[in-house]
1. Closer than 21 Å to residue 194 by Cβ, of a type in the set (D, E, K, R) and either part of a strand (DSSP E or B) or out of contact with any Cys (no Cβ under 8 Å at 6 or more places or on another chain) (or both): is that true of residue 303 in this structure?
2. Residues that are modelled with pLDDT of 90 or more, touching an Asp or Glu at 6+ places or on another chain (Cβ under 9 Å) and of a type outside the set (Phe, Trp, Tyr): does the range 218-228 have at least one?
3. Under 8 Å by Cβ, and 6 or more places apart or on different chains, what pairs join a residue from the range 253-271 that is at negative phi with one that is of a type in the set (Asp, Glu) and surrounded by 14 or more Cβ atoms within 10 Å (Cβ to Cβ)?
4. Go through (1) touching a His at 6+ places or on another chain (Cβ under 7 Å); (2) open to solvent by 50 Å² or more (accessible area, probe 1.4 Å); (3) of a type in the set (Val, Ile, Thr) one by one and return the number of the condition residue 158 breaks.
5. Considering the range 149-183 alone, what residues qualify as being in contact with a Leu (Cβ under 8 Å, 6 or more places away or on another chain) and of a type in the set (Lys, Arg)?
6. If you scan the range 265-284, which residues turn out to be assigned to a loop (DSSP other than H, G, I, E, B) and open to solvent by less than 40 Å² (accessible area, probe 1.4 Å)?
7. Since residue 262 meets every condition but one in (1) out of contact with any helix residue (DSSP H, G or I) (no Cβ under 9 Å at 6 or more places or on another chain); (2) surrounded by 13 or more Cβ atoms within 10 Å (Cβ to Cβ); (3) assigned to a strand (DSSP E or B), which condition does it not meet?
8. Kindly list, by first and then second residue, each pair from a residue in the range 117-130 that is assigned to a helix (DSSP H, G or I) to a residue that is of a type in the set (Val, Ile, Thr) and open to solvent by less than 30 Å² (accessible area, probe 1.4 Å), limited to pairs with Cβ atoms under 8 Å and residues at least 6 apart or on different chains.
Amino acid sequence: MARRTGQGERLRRVSERRRSTDGPQAERNSARAVITASVLAGVSAVIVGLITGLGSTLQDAVTDALSGDGKPAAAAPQDGTSAAPASPRPEPAVPVKVAVIPEGGGTFLVSEHRVSGAADTYAVTHGDVAPEEWNSLLRRIRATSINKTAYKIAVTNVSSSPVRVVDVVPVITRRSGALRATMIEPLGGEAEDSVPVQLDLDKRSPAFTQAGKPYFSRTSQVLKAGEGFVMAVEAKLLGKEYVEYHLRVDYLDAKGEQRSLQVKEPDTPVGVFRVSGLVDDTEYADFWGPDEEGRGRRLYSREERN
């Protein structure tokens, strides 16, 4: 009985020691958890306050850094100035732009091709045909004016530096006998500020002239950025020949180096850089002249042309 009482006493003392030991440890663990939570809550509050106080750009940067995305932070101007302007556009490879504008009005037309097919025949015989049908016919047969052409040349400096146009040269690419396949007579007869010049294509080496003297040997055109000039050209060919040519524009660039621009035949219904001399009416294979009412055309026989 005494042994049981002693064992119970020992068990009671051991139990009391365990309770006394477990109590402070639990309190310490609880206190540590409270402190940790408080610190984390404080850090979160500081971070949120920091992000809220910064601009949206830096806010994104901080958010990225916290998320561990590894994204680079956006750069913000340090002195309050705006971002640098975009670099200027590069200079054009060719500083000179040339446009060729044909003069309107009826004229006698010839071609080395004959009118064939129902659509082309309808276009040439009907004076009220739609302009697109008429122009399509002229393009297909490569219609050419007789004796003269009239057009304007607009030369413009499209760069940001001055250029000097020193010459505009006609370059002959074909010289042959006058065209004789087709003659088309116009219905109703023949019908700005520019520099009037003449071009005599009867000469072997033609040049633009004014009052009988070479125009570009007496003057040149200095064009500042965006400036230009217009030449009103009347090209004549009175002999019994056919001539095709294009233009070469010679100019000095901003460095003083001489360069050239080739100007080809523009896409017009009637050729601008080609002209044919006139032959006798009976020498054309086909002669399309006004009909009796003058509202359309018909083919004229050789006897009728005499």
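The values are calculated or read from the model by the stated rules, or taken from the named source; none is laboratory data. Quantities reported herein were computed from a predicted structural model and do not represent experimental measurements. In this analysis, Cβ positions are derived from the backbone assuming ideal geometry, glycine residues included, and neighbour counts consider all displayed protein chains. Side chains are part of the model used for accessible areas, which takes the heavy atoms of the whole protein and leaves out ligands, DNA and RNA. Shrake-Rupley method; radii C 1.70, N 1.55, O 1.52, S 1.80 Å.
1. Spelling it out, it is not the case that residue 303 is closer than 21 Å to residue 194 by Cβ, of a type in the set (D, E, K, R) and either part of a strand (DSSP E or B) or out of contact with any Cys (no Cβ under 8 Å at 6 or more places or on another chain) (or both).
2. There is no residue in the range 218-228 that is modelled with pLDDT of 90 or more, touching an Asp or Glu at 6+ places or on another chain (Cβ under 9 Å) and of a type outside the set (Phe, Trp, Tyr).
3. 258/250; 259/250; 259/253; 260/250; 265/244; 271/244; 271/265
4. That leaves (1) as the condition not met.
5. 164
6. Going residue by residue through the range 265-284, those that are assigned to a loop (DSSP other than H, G, I, E, B) are 265-273, 277-280, 284.
266, 268, 269, 270, 271, 272, 273, 277, 279, 284 - these are the residues of the range 265-284 that are assigned to a loop (DSSP other than H, G, I, E, B) and open to solvent by less than 40 Å² (accessible area, probe 1.4 Å).
7. The number of the failed condition is (2).
8. 120/141; 121/115; 122/129; 123/129; 124/115; 124/184
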